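Here is the structure we will look at.
The values are calculated or read from the model by the stated rules, or taken from the named source; none is laboratory data. Values in this document were obtained by computation on a predicted structure and should not be read as measured data. Note: ideal-geometry Cβ built from the backbone for every residue, glycine included; neighbour counts use all protein chains shown.
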Amino acid sequence: MSHPHLELSAPAELPEGALRVIPLGGLGEVGRNMTAFEYAGRLLIVDCGVLFPEENHPGVDLILPDWSSIRSKLDAVEALVLTHGHEDHIGATPYLLRERGDIPLVGSELTLALLGSKLREHRLRETVHHVVKEGDRVSFGPFDLEFVAVNHSIPDALAVAIRTGAGLVLHTGDFKMDQLPLDGRITDLRAFARLGEEGVDLFMTDSTNAEVPGFTTAERSIAPVLDRVFHQSSQRIIVACFASHVHRVQQVLDAAASHGRKVGYVGRSMVRNMAIAQELGYLHVPAGVVVEAKELAQLPPEKQVLISTGSQGEPLSALSRIAQRNHNFVHIEEGDTVVFASSLIPGNENSVYRVINGLARWGANVVHKGNANVHVSGHASAGELLYCYNIVKPRNVLPVHGEIRHMQANAALAKATGVPDEHVVIAEDGVVVDLVDGKAQIAGKVDCGYVFVDGSSIGDITEADLKDRRILGEEGFITVITVVDLQAGKVMSGPEIHARGFAEDESVFDEIRPKIVTALNNLLAEGCDDQHQLQQAVRRTIGRWVGTKVKRRPMIVPVIIEA
């Protein structure tokens with residue numbers, strides 16, 4: 001089994017007739033999925049998603065894939081294929097289109113509709129859209145694409161088969177094998193088998209649930225649990241889920257209708273996405289059930305259901321504001337029921353539990369995956385992946401979409417079904433894989449870091465900047481302002497010390513002030529007139545003292561003013 005190595009060098013020139021696979025995000029993490037395929041000097045991109053920041057990314061709004069390695073080749077991109085409408089697969093598209101605005105976009109009806117509203121938000125003109133559905137076969141340059149229906153936690157998801165002169169690649173996108181989906185649209189295993197008969201040279205499979213034994217529970221299993229929650233609740237019900245989970249919202253609407261309740265959407269993305277889903281016929285709203293959220297507040301609590309964003313504890317989401325009691329029209333009351341009907345994305349645990357505790361503090365009854373079956377995954381578990389490997393019988397396997405442990409578990413499943421060890425490749429972001437003469441092999445590595453979006457700034461924030469922000473947040477901040485007379489060679493006034501992030505009174509610094517003066521006077525007496533040296537003397541003196549006195553390592557900003 002091929003593993004990526006840190007010592008990998010840049011890949012050599014692509015051999016003639018070979019296909020190059022360049023993962024730019026989504027391998028080694030759950031999010032920011034993006035893969036570039038290069039063949040005969042042309043490129044095809046599959047997915048272009050975002051990763052949401054964790055607590056160790058202070059001030060960061062979004063994290064994008066790093067496409068710097070293909071930036072010089074963007075003119076050679078034939079199309080961007082979007083497998084489904086989740087943010088971690090479409091969210092970075094507006095940022096890519098800022099660099100080349102006419103890349104043809106290929107995806108299903110719902111996927112492109114959700115993306116279209118996002119592009120309008122970014123004030124980008126509509127680029128060429130190619131709406132495709134399962135069974136369609138279209139070509140872009142040397143890439144012959146066939147689309148296959150797959151079942152996921154959003155309607156209209158597609159796998160894509162990519163045919164080139166180097167062979168056939170089957171990319172599953174995110175999928176599971178729910179046998180009784182709400183929309184009746186199952187993962188098309190007959191198409192998988194047909195492609196397997198043709199000969200799949202590289203199978204790129206969703207790894208997210210590869211560690212989970214057995215089969216993923218059907219979406220329908222949530223209905224009786226929701227029914228029980230509605231039956232037992234005598235006041236308002238708030239359901240938090242992803243703004244794109246149309247099937248989950250459908251089940252809440254059905255439960256509300258059967259229990260005589262009205263539903264209001266809370267959160268801009270929820271309102272927008274459900275309007276699109278209803279307009280296109282993917283969401284079936286019982287007559288008279290949905291009302292404006294502000295109108296809902298006028299009804300008795302036992303008639304109210306709110307469907308809200310914020311299931312991941314996002315600080316600015318509707319649910320977080322409700323938990324903090326600073327939402328403009330939703331005020332949590334004792335006896336209300338809040339249902340977290342979504343998965344817990346790794347890294348969001350603390351944020352989610354903070355919101356749960358905030359809701360519980362006001363007397364809400366909080367129902368979540370830990371105490372009720374209110375969520376099922378959108379990803380195939382180990383049993384389903386084994387089925388796929390046995391049906392497709394791929395020559396080579398490249399696990400995608402998941403952390404390294406997920407991809408390793410997926411690789412082990414492939415080998416268990418008979419894929420030779422040397423034909424299973426584990427690659428992380430930036431590790432280039434070439435398909436040459438029917439064999440997949442690691443060819444090198446391209447630069448592929450995190451690209452941070454911070455307000456209107458894209459890619460300007462570095463890891464060093466984030467380290468500084470973490471120090472500011474965790475260790476505090478001290479400014480030391482001193483006026484010196486270089487001619488006289490002495491300190492004239494100060495030092496003035498201002499601190500943030502310390503519980504102690506600032507008078508605590510009284511004992512260090514004379515030491516700073518002494519350190520500066522000693523340097524000045526020696527004729528030092530270098531600002532940097534004087535600043536370093538201040539930084540060393542107060543840094544040692546703070547480290548010993550209060551066991552902190554704050555950011556220290558010394559300011560030397562010449563009199």
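Key figures
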read-out	value
Pair list, Cβ under 9 Å, 6 or more apart: the range 255-268 residue assigned by TED's automatic domain parsing to the domain that holds residue 298 and farther than 13 Å from residue 291 by Cα, other residue polar (S, T, N, Q) and not in a helix (DSSP H, G or I)	259/233; 267/308; 267/309; 267/317; 268/309
Whichever residue in the range 164-186 is modelled with pLDDT of 95 or more and touching a Pro at 6+ places or on another chain (Cβ under 9 Å) and, among such residues, is nearest to residue 86 (Cα to Cα)	185
Pick from the range 413-434, criterion in a loop (DSSP other than H, G, I, E, B) and under 24 Å from residue 66 (Cα atoms), ranking: nearest to the chain's Cα centre (by Cα)	429
Enumeration of residues in the range 277-293 that are in a loop (DSSP other than H, G, I, E, B) and modelled with pLDDT under 90	none
Positions within the range 538-554 being surrounded by 19 or more Cβ atoms within 10 Å (Cβ to Cβ), within 14 Å of residue 495 (Cβ to Cβ) and not hydroxyl-bearing (Ser, Thr, Tyr), in sequence order	538, 542, 546
Matching residues in the range 109-136 - criterion: being closer than 14 Å to residue 79 by Cα and outside any loop (DSSP other than H, G, I, E, B)	112, 129, 130, 131
Tally of residues being of a type in the set (Ser, Thr, Tyr) and assigned to a strand (DSSP E or B) across the range 154-188	1
Test: residue in the range 208-218 that is farther than 20 Å from residue 135 by Cα, in contact (Cβ under 8 Å) with a residue 60 or more places away in the chain and outside any loop (DSSP other than H, G, I, E, B)	yes
Residue in the range 357-364 that is among the charged types (D, E, K, R) and more than 21 Å from the chain's Cα centre (by Cα) present	yes
Which numbered condition residue 427 fails, given (1) under 29 Å from residue 62 (Cβ atoms); (2) at pLDDT 85 or above; (3) surrounded by fewer than 19 Cβ atoms within 10 Å (Cβ to Cβ)	(3)
Candidate set from the range 186-219 (those that are under 26 Å from the mean Cα position of the chain (by Cα) and among the charged types (D, E, K, R)); member that is farthest from residue 248 (Cα to Cα)	211
Qualifying positions in the range 155-177 - surrounded by fewer than 24 Cβ atoms within 10 Å (Cβ to Cβ) and either farther than 12 Å from residue 195 by Cα or of a type outside the set (A, V, I, L, M, F, W, C) (or both)	163, 164, 165, 167, 177
Selected residue (criterion: nearest to residue 416 (Cα to Cα)) from residues of the range 194-207 that are assigned to a loop (DSSP other than H, G, I, E, B) and not hydrophobic (A, V, I, L, M, F, W, C)	207
Subset tally (residues that are at pLDDT 95 or above, more than 24 Å from residue 342 (Cβ to Cβ) and not in a helix (DSSP H, G or I)) for the range 42-87	10
Filter result (in a helix (DSSP H, G or I) and over 27 Å from the mean Cα position of the chain (by Cα)) within the range 254-276	254, 255, 256, 257, 258
Lone unmet requirement of (1) in contact (Cβ under 8 Å) with a residue 40 or more places away in the chain; (2) in a loop (DSSP other than H, G, I, E, B) for residue 191	(2)
Complete set of residues in the range 130-151 that are buried (at least 17 other Cβ atoms within 10 Å of the Cβ) and either at pLDDT below 95 or aliphatic (A, V, I, L, M) (or both)	132, 145, 148, 149, 150
Counted residues, the range 529-563 - those being assigned to a helix (DSSP H, G or I), in contact with a strand residue (DSSP E or B) (Cβ under 8 Å, 6 or more places away or on another chain) and under 17 Å from residue 477 (Cβ atoms)	6
